[in-house]
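For reference, the structure discussed in these notes is given below.
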């Protein structure tokens, strides 16, 4: 398997981890909207990259 694809999958999992991290009752609770936005953007962007790479691989064959 290509290392680039594994890196994209790891980035998607990191985005999900950012969404699920509990920041309530900590000094970082004010940053929760920012971490949610970064997590959502990571999931969407890296998923689109995987879809693009997959479609390009299918069209080249």
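Structure summary
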| item | result |
| --- | --- |
| Selected residue (criterion: surrounded by the fewest Cβ atoms within 10 Å (Cβ to Cβ)) from residues of the stretch 6-23 that are part of a helix (DSSP H, G or I) and in contact with a helix residue (DSSP H, G or I) (Cβ under 7 Å, 6 or more places away or on another chain) | 16 |
| Lone qualifier among 57, 24, 42 - being under 30 Å from residue 2 (Cβ atoms) and at pLDDT below 90 | 57 |
| Any hit, the stretch 24-40, residues being part of a helix (DSSP H, G or I), under 10 Å from the mean Cα position of the chain (by Cα), surrounded by fewer than 13 Cβ atoms within 10 Å (Cβ to Cβ) and touching a residue at least 24 places away in the same chain (Cβ under 8 Å) | no |
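The values are calculated or read from the model by the stated rules, or taken from the named source; none is laboratory data. Since the structure is predicted, the reported quantities are computational estimates derived from the model, not experimental observations. Cβ coordinates were reconstructed from backbone atoms using ideal geometry, including for glycine residues, and neighbour counts include every protein chain displayed.
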